[in-house]
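Input: a single structure, listed below in structure tokens.
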Amino acid sequence: MRLPLIKHLHQFIAENDEDFVEETIEVLEHLADHDNVKKAELDVIGELLSNLYGSLEVNKMVKEGKTEKEASNLFMKRVLGSIDK
């Protein structure tokens, strides 16, 4: 999970629509279920999915009134907090 990518994806959502990201998530999850997807490919898909989901979370917080910076920081604190547990 990389914050610069999440911010970039959030910018895409702001300029377009979050439906594009949600549909991309559906496609990647469907692809990951296929038997012929290799472990290395699954790792890449997983990384992409975590960034896509992160951008949706940041977007949700921005819609609730937080600035992009506040939302990004809160999201990363939540992620790091869950890793520490």
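The values are calculated or read from the model by the stated rules, or taken from the named source; none is laboratory data. Because the structure is a prediction, the values reported are computed rather than measured. In this analysis, Cβ positions are derived from the backbone assuming ideal geometry, glycine residues included, and neighbour counts consider all displayed protein chains.
So here's what we get for this one:
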read-out: Selection count where residues are under 16 Å from the mean Cα position of the chain (by Cα), more than 21 Å from VAL79 (Cβ to Cβ) and part of a helix (DSSP H, G or I), scope the range 15-62; value: 5
read-out: Residue identified as in contact with a Lys or Arg (Cβ under 7 Å, 6 or more places away or on another chain) and touching a residue at least 40 places away in the same chain (Cβ under 8 Å) among SER55, SER50, SER72; value: SER72
read-out: Tally, over the range 1-14, of residues that are part of a helix (DSSP H, G or I) and either in contact with an Asp or Glu (Cβ under 8 Å, 6 or more places away or on another chain) or of a type in the set (Ser, Thr, Tyr) (or both); value: 2
read-out: Complete set of residues in the range 17-38 that are within 16 Å of ASN59 (Cα to Cα) and without any contact (Cβ under 8 Å) to a residue 24 or more places away in the chain; value: ASP17, ASP19, PHE20, GLU23
read-out: Hits in the range 65-85 - residues which are closer than 14 Å to TYR53 by Cα, among the polar types (S, T, N, Q) and modelled with pLDDT under 90; value: none
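One line per residue, one yes/no per condition, for (1) surrounded by fewer than 16 Cβ atoms within 10 Å (Cβ to Cβ); (2) touching a strand residue (DSSP E or B) at 6+ places or on another chain (Cβ under 8 Å); (3) within 17 Å of MET1 (Cβ to Cβ):
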residue	(1), (2), (3)
ASP19	yes, no, no
ALA32	yes, no, yes
ASP35	yes, no, no
GLU57	no, no, yes
GLY65	yes, no, no
PHE75	no, no, yes
LEU80	yes, no, yes
